[in-house]
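The values are calculated or read from the model by the stated rules, or taken from the named source; none is laboratory data. This is a predicted model, so every value here is computed, not measured. Cβ sites come from the backbone with ideal geometry, for glycine too, and all protein chains shown count toward neighbours. Just so you know, the surface numbers come from the protein's heavy atoms only, side chains and all, with ligands and any DNA or RNA stripped out. Shrake-Rupley method; radii C 1.70, N 1.55, O 1.52, S 1.80 Å.
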Amino acid sequence: YGNYGGGFHSNDVRGAAISIDPKTLEPADPVDLLVRAEGAEIGARHAGPGFNISLAIFWLTLDSELLFVGDGGTTEPNPASRRYGVEFTGFWQPIDDLTMDLSAAWTDARFSALPDGQNRIPGAIESVVAAGATYGFTDRFTGTLRMRHFGSAPLIEDGSVSSEATTLFNAGLYYTGDKFQLSLDVYNLLDAEDADITYYYPSRLPGEPAEGVDDFHIHPVEPRQVRIGLRVMF
């Protein structure tokens, strides 16, 4: 199969309406509210008894890449970008009560108009993997185990600084009645101390230079949590 499409993504409306920089009070140029996007993919699917797999190669261009600025808590427009990559999805049911799934993708993301060696997109993760298994112990009881992996990402344009990978496991046990479901979920099963997201920019502590020091700034993943839930259908 093959797909092609064009559309738009929206910039931060504050950037489209701005006339004065709120920090410096100097004149600021507004940006376009809508930015052109264009993409395509070609792939193949195959289904058989107990399994279903697909593999696709994709390509995407944006006239302007919108990046989140961790220091300012806002977004800013950047030059045009292009992405290409490959994505795999698979579902397998080896026995009646067990279903396993795997999704994985690899992406190469670059600014289009910048020279090689200075065109990495900060925060653009290269590899993502999600996998899981669901087992039906009885008609009422179901258990799940899931894994989510985010690979490293460049944090500055030359790629010399990168974030570390993040891997999390979650588990759940569910009892489904005629009109209700009782759930027990354990998030971050192995109590990983990874970063949920990482930025790299100058900051300043007491005694450090006025211009600050370039350093990592992270939002850690939530620690292990246990949640009990009740869902009623009526």
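Quick notes on this one:
- First in the stretch 135-159 and closer than 19 Å to N188 by Cβ and among the acidic types (D, E), second anywhere and at pLDDT 95 or above and open to solvent by less than 40 Å² (accessible area, probe 1.4 Å), Cβ under 9 Å, 6 or more apart: none
- Odd one out for F150 among (1) exposed (fewer than 15 other Cβ atoms within 10 Å of the Cβ); (2) under 21 Å from the mean Cα position of the chain (by Cα): (1)
- Hits in the stretch 1-41 - residues which are surrounded by 14 or more Cβ atoms within 10 Å (Cβ to Cβ) and more than 29 Å from the chain's Cα centre (by Cα): A28
- When the stretch 63-84 is limited to residues that are open to solvent by 60 Å² or more (accessible area, probe 1.4 Å) and modelled with pLDDT of 85 or more, the one that is farthest from the chain's Cα centre (by Cα) turns out to be D63.
- Single residue of the stretch 113-147 satisfying the filter (among the polar types (S, T, N, Q) and open to solvent by 70 Å² or more (accessible area, probe 1.4 Å)) that is nearest to P77 (Cα to Cα): Q118
- Entirely in the stretch 168-234, the strands (runs of 3 or more DSSP E) that have 2 or more residues that are of a type in the set (A, V, I, L, M) and loosely packed, with under 11 Cβ neighbours inside 10 Å: 225-232
- In the stretch 203-215, the residues that are free of Cβ contacts under 8 Å to residues at least 60 places away in the same chain and on the phi < 0 side of the Ramachandran plot: R204, L205, P206, E208, P209, A210, E211, V213, D214, D215
- If you go through the stretch 85-109 and pick out every residue that is outside any loop (DSSP other than H, G, I, E, B) and either touching a helix residue (DSSP H, G or I) at 6+ places or on another chain (Cβ under 6 Å) or surrounded by fewer than 17 Cβ atoms within 10 Å (Cβ to Cβ) (or both), you end up with 16.
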